1. Mind checking whether some residue in the stretch 948-969 is modelled with pLDDT of 80 or more and not in a loop (DSSP other than H, G, I, E, B)?
2. Anything in the stretch 1048-1103 that is among the hydrophobic types (A, V, I, L, M, F, W, C) and assigned to a loop (DSSP other than H, G, I, E, B)? List them, or say none.
3. Can you tell me which residue is modelled with the lowest pLDDT among those in the stretch 438-450 that are buried (at least 17 other Cβ atoms within 10 Å of the Cβ) and in contact with a Cys (Cβ under 7 Å, 6 or more places away or on another chain)?
4. (1) in contact with a Pro (Cβ under 9 Å, 6 or more places away or on another chain); (2) over 28 Å from ASN944 (Cβ atoms); (3) open to solvent by 80 Å² or more (accessible area, probe 1.4 Å): which one isn't true of GLU1081, the others all being true?
5. Determine the pairs where a residue that is not assigned by the TED database to the domain that holds TYR126, located within the stretch 46-69, has a partner that is surrounded by 14 or more Cβ atoms within 10 Å (Cβ to Cβ) and part of a helix (DSSP H, G or I) with Cβ atoms under 7 Å apart, the partner being 6 or more residues away or on another chain.
6. Give me the pairs, please: first residue somewhere in the stretch 498-513 and in the same structural domain as LEU543 (by the TED database), second residue anywhere and of a type in the set (Ser, Thr, Tyr) and open to solvent by 80 Å² or more (accessible area, probe 1.4 Å), beta-carbon distance under 8 Å, and either six or more positions apart or on two chains.
7. Looking at PRO873 and the list (1) closer than 24 Å to ILE849 by Cβ; (2) modelled with pLDDT under 80, which single condition is not satisfied?
8. With respect to LYS460, is the statement that it is surrounded by fewer than 14 Cβ atoms within 10 Å (Cβ to Cβ), at pLDDT 55 or above and part of a loop (DSSP other than H, G, I, E, B) true?
Amino acid sequence: MSSGQPSVQLEELRRRAVSRLSSSGSAQDVKAEVLAMASLALAPSEKYRHIAAEAMLRENAAGQSRQQVVECLSRLVKALSILEKYGCNLTSPARPRFWRSVKHNNPVFRATVDAIKGGRGVLYLYGYTNQQFDGLSFPDDVTDPDADKVAAVTLEVMTLRLEVDMLVKASHPHPEFFSDMIPFIVQQEKLVCDAVVIPPELKQEEKSQPPSIPSKPTLPPGPAQSPKPLTSSPPPGECNLCGGTTTLLCPSCGNLPFCDACDDLYHRHPSRAVHKRDRIQKAKQETCSICGVSPVLVQCSICVQRLCLNCDRLFHSHPDRKGHHRTQVNTAAKTSSLPQSQWECGHCTTVNEMRAVLCVTCERPRLATAASSAQEDPLLVPSSPNAEWQCKSCTVLNQGSSVLCEACERPRLATRPPVAPAQSTPRSLTDIAKEWTCQFCTYANPKPSVVCEMCNNPCKDPATVSLPPVLQTQPPTKESPQPAVKPQPLPRVNLELKRQKLMREDGLKLINHIREAEKKGVSPEEVYAALCVCGGSNPCDWLSSELPHLLDEICALAASVFLSGTQQTTEADGGTVEQSAPDSMAEGVKLSRAEAKQAWLAAGGDTEKAVKHLLRDRQAKMRELQSLGFREVSQCEEALRLSGGEVKGALSLMQRPLLEPFHQRIWSEQPEPPVDPHHPDKQRMCRRLLALYNLPSWGRCELALSLLQEPDITYTLEDVVQAVKESHNRDFIRRLLNNECPCCLSIFPCSKMQSLTSCQCSVCHECFSQHFTIAVRDKHIRDMVCPVCAGPDINDPEQLDSYFSILDIQLRDCLEPDVYDLYHKKLTEHTLMKDPKFLWCCHCISGFIYDGNQLKVTCPSCRKSFCAQCKKPWEPQHQDVSCEQFQQWKRENDPEYQRQGLAGYLRDNGITCPHCRFQYALSKGGCMHFSCSQCRYQFCSGCNNPFHKTACKTAQCKLTGLHAHHPRDCLFYLRDWEPARLQELLQRNTVEFNMDPPNGTQTDTCGVMEQKDEGGQQTDSPCGIKTQPGQAGLCEKHYKEYLVSLINAHSLDPAPLYDAQELGVACDRYQVDRQRGENEEDNAYHARLLQKLMEVPLGEKVPRSK
């Protein structure tokens, strides 16, 4: 192959990977391209265009030994993983919230990116070029990062991380390109490759022979071990305590080796119970990715496959794959090099700590595989993404939508940073000699005591203290006799009391945890299981934060165990299986969190037992479903997952589609026959009711049939079923079915009655619709009240708005479309009347909005003009003069106006509605209760105060009927005075008034227009009452109205003419204190009351036009 072909392959892989990464932002999408680029036989200077790979390797691989170089390169791999995460976040379509800046105070950033040389240079290439006091950020003028450039830099970071990781693991296919940059690593790899492979038979012979001391230290050969850092002494092969075969290594104890039995005893001590031990396992030989049986011999860098010889010959015989370049794999030294304290992600190959549940790079679960990553279970997503979460590193509460912590920028699911174990201070032999070690639990007890304080077991040989062999000393030689010392009696310890005390303390702690958990809705079983695994923390907090991840891990472990067992069974049966078989089997295993939780509780918090229990229960449930006739495995698995592991729920889900054809067959062929309550087969009718109307019980069906069989019933089957669903009481059901409409007096069930929200009255649907149809068509909108109680009070503006908004919803379905449109039109006019610029035409009944400032207004409906201020028909004499001047001119110059006399005056000063400002050319007449025909506002025509039908909002008012609070100068009170008394009040205040009629006016009858009730309708007609002499040609009623209008126009107070009785009544009406002083004379008392009464203001709304 020519030297230019790897370069061509590199460009093609780079172009394809950059395109995918810039669009998706997922490292998983370019995993194959990154692996192929890292495997190409090119020098780093040819592979990397953007980042200075050679400089970074030289600067970050400094060390005096291979162990130091490996540690430096491991830090470089972690830092490159974090940099890769930054790049993927920038190219992702859904970028994080705080993508524009990188904080230096982030502990993860300081421990990874800032701990290597060249890390900030990569951030500069990403676009973080703006230096700030607390970190780096994008410039302010940059709105979005350069996706193509960031993707190219990120791709090189991923390739460099993979190459360094392969160098550390001694799996790089071309380590010779790094010989001048990382000499220790490359030399050691050469030593490993030159090692002699010793078969297992020779190893057994070597163990039987005595060990020989080599002249030079060499590495332990063998294909099952990966190259490890050179240390002063090789790992021991015997247990540190018993000398047996080593199975565990404890890093916290100085990498001391233990067997399983000694490890169980030695680490039972409370101070050593938290130690993490690494199990020494034999590496498994890698098998072919297609057949899964034969060992790997060939690796293809184009299709990213590791194949055996036969599969390679068959797979690459295809015409499209004949030109692929394959390299031979050295299987003698190809093993996993990860210690038990680390694990490798199956998606991005990042090496993570054992305590990490999710990968620090791609945040995938620990046991997730690359094949299953594309189809993640949506049920594993947290159920409440908007809930706040607490960072496990800095305990800051963050919003549910944020992925990184706002303070330390650690991922949401990241665990707490590791804390270096405290180094125990060495003790002298004298201090150790004062203690003895328990042979049961290895607890160090003080020497005077003969019973272990931890396990309450006695010391078997109190005279000879059980010490480790390294601490036991030879007995001293006899030099001189020592003086005899009187032995002291040993203190007696009540072992039973001490045991009961410990049991009582443990029980109280457990009870407190259970009580706290009950307040949060956690069961005691969950608390007990959590105490076994939470390590001394609060079990409730552990259950809320860590249990979901543990349940996911149990499901993943169970799925992997099931898959591995299925593969082994398939291989044991013989023959080659297809590549799609494992994927189908993996998709068939669908476990839910509910099942995992039940298994975990049944196992008492033991994860391994929970996995076994979960698999055993799932297999039992599958056998039970299969025994019922459901043979399809995937269908049973899916039904069990949806039902949370419940067999009954799964059975219901799977039976439902089976019964659907039966339902279609029996109900769709012919029309459904009606339910006959008199049918002789009562059980059949009850079954029909259960199937058609979904009644809650068989007894309700029998109750419905018995009600339908009663004589002289007027309700239908649907009415009875609706009533039976609400209650099982026969009397209550009869009351629901027999409701009398107050309008038509017919009997209807409660479901066919309708009521307004403002009252409790109920009418039938037909009466309700007919009442409001007539009210909309023929009446005012304020007449649209309850047909029974006439509620609510329309004069209250607060109730008016809320009432019409709710009424609109009720009328939408019961009115005809044209009637409903008319209702909306009237409601719109009613709303426009509240506008101060709204005017009513005095010639017709139209209203409109007038925005002009001229007095002359033309109606858009009738095209007639009128004055916008006085609402009188427009005349040319009104031009450029005020309304008062125009009225004065008419009184002096208009013959028609002079002929009408005071009747025209009363007409011009007639009634004006205070609510809609509509003017009526009518006198105030006899009844002061006036109802506006435009807005239905009810008010007093003398003082414009509203009339209340019920209790009003006036303070200390106890009246509940129709009433209004009139002031003392209102016509309502002054009309009871004689004309002479009213004339006296005007004469006292020097106000002129007429007594004789004008010349040429009719004096026999009163011609004042007033509103009369004729035949149930309100009509406008002349008064017609005979006039009296000295009353200006008016009847006595209208002459009083004329005199009162003059009193109101000049704001005269009638109180000075009150006698003693009227003064007392007025004081009571307006709540004036009438308490009389001691020995106070009548005149002084009345004068004081009159002064207090006159302090009460006159009516504010009384019309006072002059």
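The values are calculated or read from the model by the stated rules, or taken from the named source; none is laboratory data. On a predicted model such as this, the values are computed, not experimentally measured, just so you know. Counting neighbours? That spans all protein chains shown, and the Cβs are built from the backbone with ideal geometry, glycine included. Please note that ligands, DNA and RNA were not included when accessible areas were found on the heavy atoms of the full protein model with its side chains. Shrake-Rupley method; radii C 1.70, N 1.55, O 1.52, S 1.80 Å.
1. No, that holds for no residue.
2. LEU1052, VAL1072, VAL1096, LEU1098, VAL1102
3. CYS441
4. That leaves (1) as the condition not met.
5. none
6. Once the first residue is in the same structural domain as LEU543 (by the TED database) and sits in the stretch 498-513, its partners that are of a type in the set (Ser, Thr, Tyr) and open to solvent by 80 Å² or more (accessible area, probe 1.4 Å) give LEU510/TYR528.
7. It is condition (2) that PRO873 fails.
8. yes
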